[in-house]
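The structure appears right after this line, and notes come after that.
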Amino acid sequence: MHVRRATQDDRAWIAEAIINAFASTRLVSRGRVHEDASILDGFVVESDGRPVGCALWHEVEGDAELAVIVTTYRGAGAGTALLDAVVDYARAHEWKRLWLITTNDNTDALRLYQRAGWDWVAWHRDGVSEHRALKPELPEAGAHGIPIRHEIELEYPL
């Protein structure tokens, strides 16, 4: 796995990966809408010279939300490589806080995040249900047939 900064040349692939994972490039997190998450700053991970994942963040005054992490090649370490790169970048740039929001159905990612040292800091009951009007294309059920209703907030201790 090779991790590098995302470039303009990556944006079409990133947009397609986000749409495949999240139904559109519009993301909603704690009521904040990213109309086109594919333009956020971040990293791309490659395997054999081809992109297989991305991690994108939204930074505001030293706090950064990891808004997107997507991999298309599971089980090869792409997600871990991306998380490590983002944490290293956060430390190098002296971010005060690095956090993310995921949904209650995302059990595979929750395992990955917790193994990588992310702390579960909040559970927002019916957070997705309340924000579904901002992103109506969200399915009612997600991974493993679990109804998507809640937002789970995790933070990396920098």
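The values are calculated or read from the model by the stated rules, or taken from the named source; none is laboratory data. Please read these numbers as outputs of a predicted model, since none were measured by experiment. Cβ placement follows ideal geometry from the backbone for every residue including glycine, while neighbour counts extend to all protein chains displayed.
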- Note on the structure: Over segment 5-40, the set of residues of a type in the set (D, E, K, R) and under 25 Å from HIS124 (Cβ atoms) is ARG26, ARG30, ARG32, GLU35, ASP36
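Can you tell me which residue in segment 88-101 is nearest to ALA6 (Cα to Cα), limited to those that are in contact (Cβ under 8 Å) with a residue 40 or more places away in the chain and assigned to a loop (DSSP other than H, G, I, E, B)? Full working, then the answer.
Of all residues in segment 88-101, those in contact (Cβ under 8 Å) with a residue 40 or more places away in the chain come to 89-91, 95-101.
Among the residues that remain, those that are also assigned to a loop (DSSP other than H, G, I, E, B) are: 95-96.
Working: TRP95: 19, LYS96: 23 Å.
The residue in question is TRP95.
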- Item | Residues (free of Cβ contacts under 8 Å to residues at least 40 places away in the same chain, β-branched (Val, Ile, Thr) and under 18 Å from VAL86 (Cα atoms)) located in segment 1-21 | THR7
- Query: In segment 44-58, which residues are surrounded by 14 or more Cβ atoms within 10 Å (Cβ to Cβ) and farther than 23 Å from HIS93 by Cα?
  - Reply: GLU46, SER47, PRO51, VAL52
- Task: For segment 130-150, enumerate the residues that are under 15 Å from THR102 (Cβ atoms) and either in contact with a Pro (Cβ under 9 Å, 6 or more places away or on another chain) or assigned to a helix (DSSP H, G or I) (or both).
- Result: HIS131, ALA143, HIS144, ILE148
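Let's see how each residue does on (1) touching a Ser or Thr at 6+ places or on another chain (Cβ under 6 Å); (2) more than 20 Å from VAL28 (Cα to Cα); (3) exposed (fewer than 15 other Cβ atoms within 10 Å of the Cβ); (4) not hydroxyl-bearing (Ser, Thr, Tyr):
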position: ALA78; (1), (2), (3), (4): yes, yes, no, yes
position: ALA81; (1), (2), (3), (4): no, yes, no, yes
position: ASP88; (1), (2), (3), (4): no, yes, yes, yes
position: HIS93; (1), (2), (3), (4): no, yes, yes, yes
position: ILE101; (1), (2), (3), (4): yes, no, no, yes
position: GLN114; (1), (2), (3), (4): no, yes, yes, yes
position: TRP118; (1), (2), (3), (4): no, yes, no, yes
position: TRP123; (1), (2), (3), (4): no, no, yes, yes
position: GLY127; (1), (2), (3), (4): no, no, no, yes
- Note on the structure: Going through (1) under 11 Å from the mean Cα position of the chain (by Cα); (2) buried (at least 18 other Cβ atoms within 10 Å of the Cβ); (3) in a helix (DSSP H, G or I) one by one, ASP10 fails only at (1)
- Query: Can you name the residue in segment 129-158 that is in contact (Cβ under 8 Å) with a residue 12 or more places away in the chain and basic (Lys, Arg) and, of all such residues, is farthest from THR25 (Cα to Cα)?
  - Reply: ARG149
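Is at least one residue of segment 126-142 more than 30 Å from GLU94 (Cα to Cα), of a type outside the set (Asp, Glu) and modelled with pLDDT of 95 or more? Give the steps one after another, and end with the answer.
Let us first name the residues in segment 126-142 that are more than 30 Å from GLU94 (Cα to Cα), namely 126, 128-142.
Then drop every residue that is not of a type outside the set (Asp, Glu), which leaves 128-129, 131-136, 138-139, 141-142.
From the residues that got through so far, the ones that are modelled with pLDDT of 95 or more too are none.
No - not one qualifying residue is present in segment 126-142.
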- Task: Scan segment 22-43 and report the pairs whose first residue is loosely packed, with under 13 Cβ neighbours inside 10 Å and whose second residue is among the β-branched types (Val, Ile, Thr), with Cβ atoms within less than 8 Å and a gap of 6+ or a chain change.
- Result: GLU35/THR25
